[in-house]
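What follows is a single structure, written as structure tokens, with notes after it.
The values are calculated or read from the model by the stated rules, or taken from the named source; none is laboratory data. Please read all numbers here as calculations on a predicted model, not as lab measurements. Because the Cβ atoms are built from the backbone with ideal geometry, glycine has one as well, and the counts that use them run over all protein chains shown. Surface areas here come from the heavy atoms of the whole protein model, side chains and all, with no ligands, DNA or RNA. Shrake-Rupley method; radii C 1.70, N 1.55, O 1.52, S 1.80 Å.
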Amino acid sequence: MKTKWKITKNNFLIGFMATTAFLAVVRLIFPSVAKPSYAVKEKTLVSDTTRILPDTSKSNKPANETKTTAQSFAPGNGLTQFFDANGKEMKNRIVGVANYDESFPDSQHVQFKSAMKYAVKAVINREDAELRKKELVYIGSNPFYDVKRLSSSIPYLVPSASVLLQDIGRNFFDSLQVKNIPLTKILVTSVLRTKEDVEKLRRYNHNATENSCHLYGTTFDIAYNKYSPITRRVRNDTLKWILSEVLSDLRKQGRCHIKYEKKQGCFHITVR
């Protein structure tokens, strides 16, 4: 009668040690099996590149044309704003704008015309705002911007203005990244104002007009002297230069009208 073989602790250890010894012998006899697989791929890529590139020693093409062909093998990871054609990290300077008043001159009259394209009927008070949520989009703090605690406005915008605000925050993030600046969020300081809010503001703020664009859900304010740091704090003037670049680009694209408000410390922005 045959004895049934059982897996015991000792049998397992003996088998494990025998397998390890066998693999060690294979590695000694065939060292190539221990090389990482990407080394073979890299070798193949070099061979393919050599085949594709022209023989410059027999070509009549200028040297700069040959160099352009070679640069076509730059990383194709989609981060072209971070790397040049040779795969080296690009250095992006902070430029800002030459003059804030000249770069962002759009008056209340100009902004009001744009506001009427997307405007909702002026909101009377907060009770009226609660009945208008089908026309308006709630905006709250998110990964791209923070909304300060509002006392004279409520966090609602028409959909097109909400998209514009999101794009401003996203573009600001992109600019910080390519300039190697610690991530920071912009701060929204004013959004939709009711008629009651405007009446109260006009008592002590002469810039608050009776027929403010803020009444129609098309307009919001972004502070240029206050921000919400994510990793570590950055000088406000540095962030202001970068934010002004972002806003200037969007204004030139016809996305918005912008007024530089000195007394209020904000950019007054209306969607176009």
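Return yes when GLY169 is among the small types (Gly, Ala, Ser), exposed (fewer than 14 other Cβ atoms within 10 Å of the Cβ) and not in a strand (DSSP E or B) and no when it is not.
no
Which condition breaks for SER175 when tested against (1) farther than 19 Å from PRO159 by Cα; (2) buried (at least 23 other Cβ atoms within 10 Å of the Cβ); (3) among the small types (Gly, Ala, Ser)?
(2)
Name the residue that is most open to solvent (accessible area, probe 1.4 Å), counting only residues in the range 199-228 that are in contact with a helix residue (DSSP H, G or I) (Cβ under 8 Å, 6 or more places away or on another chain) and modelled with pLDDT under 90.
GLU210
With hydrophobic (A, V, I, L, M, F, W, C), closer than 18 Å to ARG149 by Cα and either over 22 Å from the mean Cα position of the chain (by Cα) or in a loop (DSSP other than H, G, I, E, B) (or both) as the only criterion, which of VAL188, VAL198 stands out?
VAL198
Do the conditions hold for SER175, that is, is it under 18 Å from HIS257 (Cα atoms) and assigned to a helix (DSSP H, G or I)?
no
Quick one: how many residues across the range 212-228 are within 25 Å of TYR100 (Cβ to Cβ) and in a loop (DSSP other than H, G, I, E, B)?
So the answer is 6.
Of everything in the range 103-128 that's among the charged types (D, E, K, R) and in a helix (DSSP H, G or I), which residue is most open to solvent (accessible area, probe 1.4 Å)?
In this case the residue turns out to be LYS117.
May I ask you to say which residue of GLU196, GLU130, GLU135 is at pLDDT below 90, of a type in the set (Asp, Glu) and over 21 Å from LEU247 (Cβ atoms)?
Residue meeting the stated conditions: GLU130.
Which residue is modelled with the lowest pLDDT, if the candidates are limited to the range 249-272 and must be among the polar types (S, T, N, Q) and farther than 15 Å from LYS113 by Cβ?
Among those that are among the polar types (S, T, N, Q) and farther than 15 Å from LYS113 by Cβ, it is GLN264.
Just to be sure I understand, how many residues within the range 229-263 are touching a residue at least 60 places away in the same chain (Cβ under 8 Å) and either exposed (fewer than 14 other Cβ atoms within 10 Å of the Cβ) or part of a loop (DSSP other than H, G, I, E, B) (or both)?
2
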